[in-house]
Amino acid sequence: MNEEVHNVVHFKQFEKDVVQKVVQHRKESGLSQSKLSELINVDRRKIIDLEAGKIDFETFLKASDLLGIKIICKFEIE
């Protein structure tokens, strides 16, 4: 498989997994999208977009911090 294609596929799966984790933690915390957006001081549309897989990394990281999700990214260049 072409390395570039492999990287895209791998990243898209990672992205999908972390979005699912944010949604799961938000719901388990009893937070609505509106309340989460209020707590991290972003427009509610940002949360809707995030949960639809349109990741804005700043919003994603703020939400992760608030929800207690530890993000560890390991990048290797070969």
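The values are calculated or read from the model by the stated rules, or taken from the named source; none is laboratory data. Note that the structure is a prediction, hence the values are computed from the model and not measured. A quick note on method: Cβ atoms are made from the backbone with ideal geometry, for glycine too, and the neighbour counts reach across all protein chains shown.
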Got at least one residue in region 29-51 being under 15 Å from F14 (Cα atoms), modelled with pLDDT under 95 and surrounded by 14 or more Cβ atoms within 10 Å (Cβ to Cβ)? yes
Which ones in region 32-68 are more than 9 Å from the chain's Cα centre (by Cα) and closer than 15 Å to K16 by Cα? I47, I48, D49, A52
Between a first residue in region 12-41 that is touching a residue at least 24 places away in the same chain (Cβ under 8 Å) and a second residue that is polar (S, T, N, Q) and in a helix (DSSP H, G or I), which pairs have beta carbons less than 9 Å apart while being 6 or more apart in sequence or on different chains? V18/S64; K21/S64; V22/S64; H25/S64; R26/Q33; I40/T59
